[in-house]
Structures are given as C-alpha cells and as structure tokens.
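All of the numbers you see were taken from the coordinates with simple rules; none came from a lab. Predicted, not measured: the structure shown is a model, and the values here were computed from it. Reconstructed Cβ throughout: ideal geometry from the backbone, glycine too, with neighbour counts over all protein chains shown.
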Amino acid sequence: MPTRSKWNLAIKIDEPLDVYVGVKATDSSDFTIYNYVIDNSNGSKRPIYLSPIASFPNDTPTQSTIDANLDSIYAFIVSSQDTLYLDKSMTDLSNYYLQPVVTLDLGTQIFSFITDIDYNSFK
Amino acid sequence: MNVVGISHLTHNQVVTGSSPAGPGKVLISPWLMRTSLRAGAYLVKAAIVLPLGRYYCNWETKQKFGLNSISEVGSKPANAFQHSFTSFVYRLHLGWASSQFAMWQHEYFGGNPCNQRHMDLHNNKVGNMTRYWRYRGSLLTSKYFLPVFANNAFLFITHTTIGTPGYTFGVDKEFDWSAYISTQRGSQDCKTCKKDRKGISQFFIYIEQ
C-alpha cells in the first residue's frame, strides 16, 4: 500500500549525443548544469529533476506542480560550429509521458516522466 | 580346516546378479560415499543457516538502526546493512557461491524495479565479496561471534567524514537512478544500473536518505 509519492523528470536519448541540460528550480538562484555524453543508441535515460519532498499517495503531478517547482529548463548540443537548442519546452508536462508507476518497498510511489530526444530535436 | 563355500555366505543362494555387491545392492566408491555424506550434511546446515541467519540479520538491522519493523528499511543505508550483512553471514557459514545464489534468487524473482534490484544486488556483493574481510576482521575471532561482525558492518555503513556530506563508503543514487523504474529483467534500465554500479564496487549504494 503506498504511503507517499515522489516524482521526477528525465530525458531519453535515442542516439549518440553530447547533451547539456540546465535546470533552474524555483527555490534556487542559479542553474544546475548536467552534461550527458551518450555513446549508444539504446535509449539511455538520464535524470534532470527530482522532487525534493514527498507528497501524499496517488498525488500525480500536474502542470501546476511543475510550474510551482521549476523556473526553466533548457538543453543544447554543440554541433561543429553551432550551438543547437532543444526545440520544445521542457517545463511543459504535455511534452513528457509517464512511465508505469511503481511502489517501492517502503511505500513510496514513483511518478517518472520521460521525454524522448534525438539529434533532430535540436534546432 | 573348514572350507566355507560361497553358498554359505549368501544364505545358500548362489549369487547370479550382475552387481558385484550382490542382488539389489550398489557398490559405491569411498569417494562417492564421502561426497554424498558431506553434501547431505551441507544441505542440513544450509536448511538451518539460511532462515536463522536471515532472522538474526533482520533483528540486528532493527536493533542497530532503531526500526520498529524490518519493512522500514526501505532503500536507506539500513537496507544496505541488511543485505550486505546477510550475504556476509551466508558466505561465512555456507561459502561464497551459496551466499551469492541465495541472495541473487531473492532479487531475481522479487519483481523490484531495476534501481532497487541493482542496489540490492550490489550491496549483497559488498558483504560477500568486496568488503567481506572488513566485516570479518581478525581471523582469531570465532565465526560464531556474529555480534562482532555486525558491529564491523555497522561501522562501515555508518562511517562519515567530518566536512564531507553523506556516508564515507556510501553512494547516493537517488537522483542518478530515479528514472530507472522498469520492472522488466534485462531491460535497458537494468543494463544501465548494472553498468553504472560496476565502477563503485568498494562502496555501498542507497537511494533514500
């Protein structure tokens, strides 16, 4: 039986890429930068945000949850001479899909949202 | 001089069976006899050690981490203690292969998501392989003095360094593995967790504070 819930956002990179992701939470004064170097086409997932606190069970995040926790997210790759930015809003929950929800041993439900990324996602 | 014929030795029946031990009997070598007895004794020992060891390790986990129930360990360092100490006790009394198999099958058939499964598999190996001798300590200590080993394991898991956050020998994978929640064995999530944990064999893993 679930006792609480947590949620997270992640990207799924479908081909070899060197991706930079910047995440600014509402309670943070600066961006946190992640650099993910993917060398395969297996659909590697990488985290970009994890909810800092747990909430009550079955609390599925909505767009207002994202807005309350995140100021902005950007992603880019460096391609030969250009910097290409991700061509979709990463703070828009409609750009993500929800993985099957699991409940851990201690009763924590995990809501994990994924967005797929490949080279063509960057403009 | 009395001559005893074969018919006297076989209760007046002439042996005609193909087995040299007589009809209905099997002649086995001393080596096979010894191996069979040892295997039987080992199975009896395993039948005692596996449930008792598990019970004792759960009890130690509750005592050392102040838990009311063993289900409260979650994915915290207490869980790392429970898994690594149990696999240590199994190796101590049953050998490495049995320890590894007993702990592995629990995860294989458990249905946990990949991040939980590989955290547990990793922590099992910490206890029965990479940190076994740290838990074991002096060889002069009898292998039945389990509280001594529990204390060694507890000191290892809870060791902290002043000025450094987190546990000295622990790696927090809560963020890194947050999206790897597939429950399918052999999935990309599991492969990624497996590859990731290979580089931190000397440390235990936890994914909840």
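Restricting attention to region A:42-61, the residues that are within 11 Å of another protein chain (Cβ to nearest Cβ) and either on the phi > 0 side of the Ramachandran plot or not in a strand (DSSP E or B) (or both) total 5. Assess whether A:ILE73 counts as being surrounded by 15 or more Cβ atoms within 10 Å (Cβ to Cβ), among the β-branched types (Val, Ile, Thr) and more than 11 Å from every other protein chain (Cβ to nearest Cβ). For A:ILE73, the condition - surrounded by 15 or more Cβ atoms within 10 Å (Cβ to Cβ), among the β-branched types (Val, Ile, Thr) and more than 11 Å from every other protein chain (Cβ to nearest Cβ) - is met. Inside region A:93-123, residues that are away from chain B (no Cβ under 14 Å) and loosely packed, with under 13 Cβ neighbours inside 10 Å make up a count of 3. Listed by position, the helices (runs of 4 or more DSSP H) inside region B:112-209 whose residues that are over 21 Å from the mean Cα position of the chain (by Cα) number at least 2 are B:188-197. Quick one: what pairs do we get from region B:165-192, first residue more than 11 Å from chain A (Cβ to nearest Cβ), second of a type in the set (Asp, Glu) and part of a strand (DSSP E or B), C-beta under 8 Å, 6+ apart or different chains? Listed pairs, sorted by first residue: B:GLY166/B:ASP172. Within region B:84-100, residues that are surrounded by fewer than 18 Cβ atoms within 10 Å (Cβ to Cβ) sit with their Cβ atoms under 7 Å from residues that are polar (S, T, N, Q), at 6+ positions apart or across chains, in these pairs: B:TRP96/B:ASN128.
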